[in-house]
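The block underneath contains the structure these notes are about, expressed in structure tokens.
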Amino acid sequence: IERKIAIAIDGPAAAGKSTVAKIVAEKLSYIYIDTGAMYRAITLKALTHGVELNDEKAILELLLHTDIELSQKENKQIVLLDGEDVTEEIRTQKVTNNVSSIAKLASVRKEMVIRQQALAESRGVVMDGRDIGTHVLPDSEVKIFLIASVEERAKRRYEENIRRGIDSNLEELKEEIKTRDEIDSKREASPLIKAEDAIEVDTTSLSINEVVQQILNAVSNFLKKDKARRG
Ligand code: CDP
Ligand code: CDP
């Protein structure tokens, strides 16, 4: 039996993290955990309840009374917020535009990290986010840092929106992505940064399959070395 490991996938917005993480998890029969969805879910709840997004105490209090569940329904990832399916709602532009304000609150991150670590306890996990390799699972066996030019990332989101039947503006998407990356990278609490031991993959001119293949190669390299080490 092959050893089950943890794979951390971090990087800026729309670099392709969740798309490739899902495929890698399927191929390895691992579970996939989308940590961004958790920050999006609490953001949606705060917006719905009219809680000030910069009121750290109030947001933490809200989070402590919030159940966020990531589950699987007919091969589709679904997100349950206090039992309600919010899979689509957490992807709206309104949530996207506000999520980084909540994600920079240190006490909120602390609580999220506790929950995320608990979800990954059993290994055999692919987790994507911003701080997985550096803070959530610093001991993950394989760490990947995905990047791509901001033009390419905006284009990908734009095309994704078309597929979802949503009208959007390429320039606006580019600005939104830049703003979010800036907040995520400059915050004090576990900012978006490449872990020292992460493998950086520039996906600007790579297909989804090529990125998946690079990650699977990194996994099999690790497993080979690990096997040799164990004898
Ligand atoms: O998919 P996309 O890149 O648009 O974003 P996401 O992965 O759903 O994450 C949404 C936001 O949540 C990010 O812009 C970060 O502000 C925050 N986030 C975070 O701070 N830490 C994580 N581990 C995951 C997401
Ligand atoms: O999770 P993250 O925000 O990093 O990215 P995503 O939600 O996976 O979105 C990336 C979008 O770019 C998706 O629509 C993918 O189909 C597309 N894409 C990709 O992920 N990777 C490539 N190498 C090329 C396109």
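Figures for the structure shown
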item	result
Those helices (runs of 4 or more DSSP H) lying entirely in the stretch 49-134 with at least 2 residues in contact with a helix residue (DSSP H, G or I) (Cβ under 7 Å, 6 or more places away or on another chain) and of a type in the set (Gly, Ala, Ser)	93-103
Failed item in (1) out of contact with any Leu (no Cβ under 6 Å at 6 or more places or on another chain); (2) closer than 30 Å to Lys174 by Cα, with Ser101 passing the rest	(1)
Tally, over the stretch 29-38, of residues that are away from ligand 2 (no atom under 12 Å from the Cβ) and crowded, with 19+ Cβ neighbours inside 10 Å	3
Criterion: closer than 26 Å to Gln213 by Cβ, touching a residue at least 40 places away in the same chain (Cβ under 8 Å) and crowded, with 18+ Cβ neighbours inside 10 Å - qualifying residue of Arg180, Arg156	Arg156
In the stretch 13-28, the residues that are in a helix (DSSP H, G or I), open to solvent by 10 Å² or more (accessible area, probe 1.4 Å) and within 16 Å of ligand 2 (Cβ to nearest atom)	Lys17, Ser18, Thr19, Lys22, Ile23, Glu26, Lys27
Subset of the stretch 53-86 [at pLDDT 95 or above, more than 17 Å from Arg109 (Cα to Cα) and more than 18 Å from the chain's Cα centre (by Cα)]	Asp82, Gly83, Glu84, Asp85
Of all residues making up the stretch 193-205, the number that are open to solvent by less than 20 Å² (accessible area, probe 1.4 Å), part of a loop (DSSP other than H, G, I, E, B) and not small (Gly, Ala, Ser)	1
Residue within the stretch 141-149 that is open to solvent by less than 30 Å² (accessible area, probe 1.4 Å), within 25 Å of Ala195 (Cα to Cα), out of contact with any helix residue (DSSP H, G or I) (no Cβ under 6 Å at 6 or more places or on another chain) and touching a residue at least 60 places away in the same chain (Cβ under 8 Å) present	yes
Filtered residue count, the stretch 202-228, keeping only those that are under 27 Å from Gln93 (Cα atoms), free of Cβ contacts under 8 Å to residues at least 60 places away in the same chain and hydrophobic (A, V, I, L, M, F, W, C)	1
Any hit, the stretch 66-80, residues being free of Cβ contacts under 8 Å to residues at least 60 places away in the same chain, open to solvent by 40 Å² or more (accessible area, probe 1.4 Å) and in contact with a Ser or Thr (Cβ under 6 Å, 6 or more places away or on another chain)	no
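The values are calculated or read from the model by the stated rules, or taken from the named source; none is laboratory data. What you are looking at is a predicted structure, and each value in this text was computed from that prediction instead of being measured. Backbone-built Cβ (ideal geometry, glycine too); neighbour counts: all protein chains shown. Quick note on the areas: whole protein, heavy atoms, side chains included, nothing else; ligands and nucleic acids left out. Shrake-Rupley method; radii C 1.70, N 1.55, O 1.52, S 1.80 Å.
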